[in-house]
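Notes for the one structure printed next.
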Amino acid sequence: VYGKSGHGSGFLVDDRGLILTNDHVLGDNPGKNLSVQFTEELKVKAKVIARNSRKDIAIIGINPNWIGTNLVGENLIAFKALNLAVKSDTMIFVGERVIAIGSPLNQTKVLTTGIISKVANNVIMHDVNINPGNSGGPLINMNGDVIGINTFGDFTNRGPGIYGSVIITEAVEIINQSIN
């Protein structure tokens, strides 16, 4: 996701072209120059659908014609919505192995893994490496369900730091409002 103030990550949440990301990825972008890059060859315009700065969640939209399977260059590429975890007692647990997907720093489509350390105040704390550019990407459990939206790294000069993701259930309301 590219906006006026830089770039971050995001992921499709439905087949209508809705993409979930962090509000801070959009910055003060009023919607101009907002785009989503799927491959080196494919970058499409996007627009802001809904924002919640308190929860650090935003929904942006792209033309739904890009969803599904498309010919990009000489390659057939599938763009599909990710499955979101449903709230339950076992949706997230300490010690669970998770995967983060994003485009940190100057890289694209980077996958990192780790375990959940703590769940509190609608935030998942973990040791999955999150760098600038990872914000807005999905945190996925081993069932393939998105359980969080990668949001921050807390770096210190002692140790590798800790990282956090907003629990996906915090996004349900803004997703539902955007669909209707």
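The values are calculated or read from the model by the stated rules, or taken from the named source; none is laboratory data. Because the structure is a prediction, the values reported are computed rather than measured. As a convention, Cβ positions derive from the backbone with ideal geometry for all residues, glycine included, and neighbour counts pool all protein chains shown. Ligands, DNA and RNA are excluded from the accessible area calculation, which covers all protein heavy atoms including side chains. Shrake-Rupley method; radii C 1.70, N 1.55, O 1.52, S 1.80 Å.
A full extension of the chain between Leu42 and Met142 corresponds to an added length of 33.1 nm, given 0.36 nm per residue minus the alpha carbon distance.
The share of accessible area on the chain that comes from carbon and sulfur is 50 percent, using a 1.4 angstrom probe. Short to long, the 10 Å bins of the Cα pair-distance histogram for region 78-146 hold 19, 54, 25, 3 percent of all pairs. Other residues with beta-carbon under 14 Å from the beta-carbon of Val94 carry, at +1 per Lys or Arg and -1 per Asp or Glu, a net charge of -1. With protein chains left intact and a 1.4 Å probe, residues in the chain average 54 Å² of accessible area per residue.
For Ala50 and Asn176, the difference between the fully extended length at 0.36 nm per residue and the C-alpha to C-alpha distance is 44.3 nm.
Taking trypsin sites (Lys or Arg not before Pro) as exposed when their DSSP state is a loop state and no more than 15 other Cβ atoms lie within 10 Å, the longest site-free interval of the chain runs over 110-157. Taking amide H atoms as placed 1.01 Å from N in the peptide plane, the amide H of Ile49 lies under 5 Å from those of Ile59, Ile60, Gly61, each 5 or more residues away in sequence or on another chain.
Using the Cβ of Gly3 as centre and a radius below 13 Å, the other residues enclosed give a net charge of +4, where K and R count +1 and D and E count -1.
Note on Val94: accessible area is roughly 100 Å² with a 1.4 Å probe, heavy atoms of protein only. Sequentially through region 10-20, phi angles give Karplus couplings (6.51, -1.76, 1.60; θ = phi - 60°) of x, 8, 5, 10, 7, 8, 9, x, 7, 10, 9 Hz, Gly and Pro residues having no value and appearing as x.
The figure for Thr151 is an accessible area of roughly 20 square angstrom, using a 1.4 Å probe on the protein chains alone.
Binning all Cα-Cα separations of the chain at 5 Å, short to long from zero, yields these whole-percent fractions: 1, 8, 18, 22, 21, 15, 9, 4, 1, 0. Summing Lys, Arg as +1 and Asp, Glu as -1, what charge do residues with Cβ under 15 Å from the Cβ of Ser35 carry, Ser35 excluded? Once positives and negatives cancel, what remains is +3. Pairs over the 20 Å Cα-Cα cut-off, from the set Lys4/Lys45; Lys55/Lys109; Lys32/Lys80: Lys55/Lys109; Lys32/Lys80. Calculated [222 nm] ellipticity per residue, helices only, for the chain: -1500 deg cm²/dmol; basis is -39500 (n - 2.57) per DSSP H run with n ≥ 4, divided by all residues, nearest 500.
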